[in-house]
1. Can you give the FRET efficiency to the nearest 0.05 for Glu66 and Lys13, using r as the Cβ-Cβ distance and R₀ = 22 Å?
2. What FRET efficiency, computed as 1/(1 + (r/R0)^6) with R0 = 35 Å and r the Cβ-Cβ distance, is obtained for Ser101 and Lys179, rounded to the nearest 0.05?
3. So what is the calculated 222 nm ellipticity per residue for the chain, using -39500 (n - 2.57) for each DSSP H run with n of 4 or more, over all residues, to the nearest 500 deg cm²/dmol?
4. Round to a whole number: what % of the accessible area of the chain belongs to carbon and sulfur, probe 1.4 Å?
5. Counting only the heavy atoms of the protein chains, how much of Tyr174 is accessible to a 1.4 Å probe, in Å² to the nearest 10?
6. Take the Cα coordinates of the chain, assign each an equal point scatterer, and use the Debye formula without solvent to give log10 I(q)/I(0) at q = 0.12, 0.14 Å⁻¹.
7. Students often get this wrong, so check it: of Lys13/Lys179; Lys104/Lys179; Lys74/Lys172; Lys51/Lys179; Lys13/Lys102, which have C-alpha atoms separated by over 28 Å?
8. By how many nm would the segment from Ser26 to Asp49 lengthen if fully extended, with 0.36 nm per residue of separation less the alpha-carbon distance?
Amino acid sequence: MRLFSAIRDFLRKRSLRRYRSQEPTSLLPLSSIKTVTALLDSEDTSCDDCKILLQNFFRENGIRGEIFFLDLSKLGSGERLITSITGTILRKDIGWYGQLSKEKTAQLSQAGCDLFISLVNSGDFVVEFISAVCPARFKAGRVSLPSGSFDLVVSDPSGRSLSQAEAFTAMKTYFDRIK
């Protein structure tokens, strides 16, 4: 079992080195942000509310935004996907050690944006990989990752778990304050 973990960890580190964006990141004022890529957890109950909040934020600030959904649930034979297939990262798009398929990796790395927002409340390797691959100049998330991908981390208060919509509302106050 340790050998399996060692191999998996080796492959994860190698894929992060290989696919990590070379774009330098730092805090950016909202006035400098023209394009945003956001990552939402489609299994979160506030996903639809958060999507609407993000779209309103894009519209209010004259930002072109793209929203990706992370859906790792197993769909039954009668179930259907409720999000766009092109903007959704499914379980089948992820390899056995957590790396995205070449198609999804290319889609994220070509989404050149000024701001990347991860509202997924998880430190899983998939989230770390997506955050590393996205070539944004400013990255914000909810969980501090081992690779240190995020410039701004807005974590949940102790003893309380925020929904994605609540986390984005908290993040938005920081975006407004950065000058």
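1. The formula returns an efficiency of 0.20 here.
2. Given R0 = 35 Å and the Cβ-Cβ separation, E is 0.35.
3. For the chain, the value works out to -11000 deg cm²/dmol.
4. 50
5. 100
6. For the chain at q = 0.12, 0.14 Å⁻¹, log10 I(q)/I(0) is -0.55, -0.75.
7. As for pairs spanning more than 28 Å Cα to Cα, those are Lys13/Lys179; Lys104/Lys179; Lys74/Lys172.
8. So the chain would gain 5.5 nm between Ser26 and Asp49.
The values are calculated or read from the model by the stated rules, or taken from the named source; none is laboratory data. Computed from a prediction, not measured in an experiment: that's the story for all the values here. When we count neighbours, we look across all protein chains shown, and the Cβ atoms used for this are built from the backbone with ideal geometry, even at glycine. The protein model used for the area step is the full one, side chains on, heavy atoms only, and it has no ligands, DNA or RNA in it. Shrake-Rupley method; radii C 1.70, N 1.55, O 1.52, S 1.80 Å.
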